[in-house]
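The values are calculated or read from the model by the stated rules, or taken from the named source; none is laboratory data. This is a predicted model, so every value here is computed, not measured. We place every Cβ from the backbone using ideal geometry, glycine too, and count neighbours over all the protein chains shown.
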């Protein structure tokens with residue numbers, strides 16, 4: 001382990017105040033000894049940098065998929081007091097409300113006799129990759145509807161069913177969205193990209209439920225062994241990227257204006273109650289809604305393909321849940337026995353609200369919210385549920401994925417897209433992408449083992465394992 | 001080539017070297033477009049941009065962010081940028097070719113230009129830029 005970092009428990013570590021100058025609270029992260037071998041000094045430095053920001057409460061946190069990002073580390077969580085805290089695009093990222101959802105089907109593995117055809121039809125139905133354009137032709141008014149109404153707008157437009165909405169965080173639309181804070185440039189980028197998957201680590205995956213760890217919870221989630229599921233991972237596309245870029249610039253000015261001293265320009269921030277902070281929050285919430293609508297539209301395309309091929313109804317393909325993992329939200333938490341209004345930033349981290357938390361549909365309330373942790377394209381993904389432990393220790397947060405361990409430059413040197421694709425095909429996993437380079441970039445070898453990441457959050461008690469699902473077919477952007 | 005990719009676990013980190021500040025910006029543009037589209041060939045579509053910033057680092061950040069925007073909405077693969085910098089003012093003439101799904105198949109989507117670890121330093125007779133593209 002890095003010098004200056006202290007172990008508190010088998011899976012919990014502290015970065016003491018003083019690790020970097022100006023820290024207001026200690027840093028804390030969750031990691032096993034196995035994962036510690038891949039921990040980068042730059043990531044811990046970023047975790048400590050976040051602890052210098054005004055109004056930060058309790059701890060600057062990182063989940064076991066921590067790695068070196070920009071501004072916040074990936075896997076970073078920080079909560080700021082509404083009264084004297086700040087909001088920062090560096091704590092959300094460029095891909096605002098990048099997130100993941102999973103829906104179940106009434107099919108089992110034996111029903112997938114035409115898997116290759118299914119993958120091909122999905123690949124054709126969902127615009128994918130660099131330069132992919134949407135089949136939707138939105139007007140400015142419709143885009144406004146999307147920015148304000150999120151998944152609710154999409155369902156009203158016919159892209160889904162009413163019951164989808166309670167199975168999204170914030171019921172698919174964050175309050176406080178301000179379409180006027182989304183610039184003409186961001187709108188220009190967003191209009192042709194609504195309902196597109198994007199590229200990079202975004203994907204659409206056909207999966208089968210392979211293992212169940214808690215039967216009663218799996219039942220509440222609607223999961224049965226061998227069942228076919230579909231996982232969708234994408235975000236707010238160019239619209240969110242543009243919002244982040246523009247507001248970062250505004251907040252850089254605000255950082256100076258409000259006399260805030262920061263160790264990294266990417267942490268540019270403004271008081272939550274300032275006009276600049278409020279404008280960013282409004283634009284960020286609008287971008288989040290765009291992302292929820294986007295995943296809703298993509299899910300609709302997926303359901304259409306399944307409906308046509310297998311003659312099943314939308315109602316037979318319920319959405320289990322949709323989680324956001326790049327977002328800042330206004331939430332209420334207990335801090336040292338006191339109820340506080342906070343702005344919780346999660347950058348590459350998932351909300352993991354425990355039993356009885358607000359915002360959960362009735363059937364999940366006894367267990368906590370579903371948490372969806374995608375693996376890499378060759379490895380298992382996991383479903384977990386939130387816990388009281390997460391509410392007490394991490395502002396109701398847990399990990400979001402596996403976390404990369406190999407750079408793209410190294411992946412390019414040591415891996416060939418074609419070979420990765422063939423190796424996965426030998427394991428029965430079909431991969432479809434616009435080009436093979438995208439496959440090498442995202443090969444299973446470049447990620448930390450997802451099983452180890454979820455073992456840590458389960459052992460640390462900040463979420464609990466419910467089920468493991470395995471990939472059968474993957475569409476990569 | 002006057003740019004190279006450096007190790008970075010999550011994103012793409014580029015090192016660009018040029019003998020002038022203008023050349024540095026121009027090569028940074030090429031580095032960005034190469035990441036985005038893989039193959040870039042000289043094009044004949046012209047665009048002109050102007051902008052101001054407080055310092056060279058902010059100017060470079062604004063310049064690359066603007067290229068990302070133009071390239072995205074105009075579906076333009078920018079193959080060349082003739083850059084002029086006077087104080088903190090930049091003007092640039094861009095040349096590009098239309099994006100083609102068939103030709104530009106080996107690129108990656110860049111979500112944004114990071115301010116983290118964004119540096120421009122002068123070493124002997126050269127300007128050296130390090131920049132992270134969020135992908």
Which listed residue is surrounded by 13 or more Cβ atoms within 10 Å (Cβ to Cβ), over 28 Å from residue A:437 (Cα atoms) and touching a strand residue (DSSP E or B) at 6+ places or on another chain (Cβ under 9 Å), from B:59, B:95:
B:59
Selected residue [in a strand (DSSP E or B), touching a strand residue (DSSP E or B) at 6+ places or on another chain (Cβ under 9 Å), within 14 Å of chain B (Cβ to nearest Cβ) and buried (at least 20 other Cβ atoms within 10 Å of the Cβ)] from A:73, A:64:
A:73
Matching residues, segment A:338-353, being in contact with a strand residue (DSSP E or B) (Cβ under 8 Å, 6 or more places away or on another chain), part of a loop (DSSP other than H, G, I, E, B) and on the phi < 0 side of the Ramachandran plot:
A:349, A:352
Search result, residues across segment A:33-61 that are modelled with pLDDT of 95 or more and part of a loop (DSSP other than H, G, I, E, B):
A:51, A:52, A:53, A:54, A:55, A:57, A:58, A:59
Mind listing whichever residues of segment A:341-353 are over 19 Å from residue A:99 (Cα atoms) and either surrounded by 18 or more Cβ atoms within 10 Å (Cβ to Cβ) or at pLDDT below 95 (or both)?
A:342
Do we find that residue A:79 is surrounded by 24 or more Cβ atoms within 10 Å (Cβ to Cβ), over 16 Å from the mean Cα position of the chain (by Cα), modelled with pLDDT of 95 or more and within 22 Å of residue A:269 (Cβ to Cβ) in this structure?
yes
Yes or no: residue B:66 crowded, with 17+ Cβ neighbours inside 10 Å, in contact with a strand residue (DSSP E or B) (Cβ under 9 Å, 6 or more places away or on another chain), farther than 26 Å from residue A:412 by Cβ and facing another protein chain (nearest Cβ under 10 Å)?
yes
Within segment A:256-276, can you find the residues that are within 11 Å of chain B (Cβ to nearest Cβ) and either assigned to a loop (DSSP other than H, G, I, E, B) or under 16 Å from residue A:50 (Cβ atoms) (or both)?
A:262, A:263, A:264, A:265, A:266, A:267, A:268
Please tell me if residue A:279 is more than 11 Å from chain B (Cβ to nearest Cβ), in contact with a helix residue (DSSP H, G or I) (Cβ under 6 Å, 6 or more places away or on another chain) and either more than 19 Å from residue B:68 (Cβ to Cβ) or not in a loop (DSSP other than H, G, I, E, B) (or both).
yes
Filter segment B:103-135 down to residues that are more than 8 Å from chain A (Cβ to nearest Cβ), in a strand (DSSP E or B) and crowded, with 22+ Cβ neighbours inside 10 Å, then give me how many there are.
3
Screening B:71, B:100 for residues that are over 19 Å from residue B:4 (Cα atoms), within 13 Å of chain A (Cβ to nearest Cβ) and either at pLDDT 95 or above or assigned to a strand (DSSP E or B) (or both) leaves only B:71
Looking at segment A:377-401, which of its residues are farther than 18 Å from residue A:324 by Cβ and surrounded by 24 or more Cβ atoms within 10 Å (Cβ to Cβ)?
A:377, A:387
Filtering segment B:1-44 down to residues that are assigned to a loop (DSSP other than H, G, I, E, B), out of contact with any helix residue (DSSP H, G or I) (no Cβ under 7 Å at 6 or more places or on another chain) and more than 12 Å from chain A (Cβ to nearest Cβ) yields B:1, B:19, B:20, B:41, B:42, B:43, B:44
Can you tell me which residue is modelled with the lowest pLDDT among those in segment A:393-445 that are within 9 Å of chain B (Cβ to nearest Cβ), in contact with a helix residue (DSSP H, G or I) (Cβ under 6 Å, 6 or more places away or on another chain) and more than 30 Å from residue A:113 (Cβ to Cβ)?
A:437
Condition first: crowded, with 18+ Cβ neighbours inside 10 Å and without any contact (Cβ under 8 Å) to a residue 24 or more places away in the chain. Can you find one or more residues in segment A:213-224 that meet it?
no
Would segment B:78-89 turn up any residue that is within 13 Å of residue B:110 (Cβ to Cβ), modelled with pLDDT under 95 and either in a loop (DSSP other than H, G, I, E, B) or more than 13 Å from chain A (Cβ to nearest Cβ) (or both)?
no
Selection over segment A:249-270 where residues are under 18 Å from residue A:347 (Cβ atoms) and in contact (Cβ under 8 Å) with a residue 40 or more places away in the chain yields a count of 9
Test of understanding: among A:472, A:384, A:465, which residue is over 23 Å from residue A:38 (Cβ atoms), in contact with a helix residue (DSSP H, G or I) (Cβ under 7 Å, 6 or more places away or on another chain) and modelled with pLDDT of 95 or more?
A:472
Out of segment A:124-157, which residues are in a loop (DSSP other than H, G, I, E, B) and without any contact (Cβ under 8 Å) to a residue 60 or more places away in the chain?
A:131, A:137, A:138, A:139, A:157
Filtered residues of segment A:126-151 (kept if touching a strand residue (DSSP E or B) at 6+ places or on another chain (Cβ under 7 Å) and either closer than 16 Å to residue A:181 by Cα or more than 14 Å from chain B (Cβ to nearest Cβ) (or both))
A:126, A:151
Test residue A:106 against the criterion of being surrounded by fewer than 21 Cβ atoms within 10 Å (Cβ to Cβ), modelled with pLDDT of 95 or more, closer than 27 Å to residue A:171 by Cβ and touching a helix residue (DSSP H, G or I) at 6+ places or on another chain (Cβ under 6 Å), and give yes or no.
yes
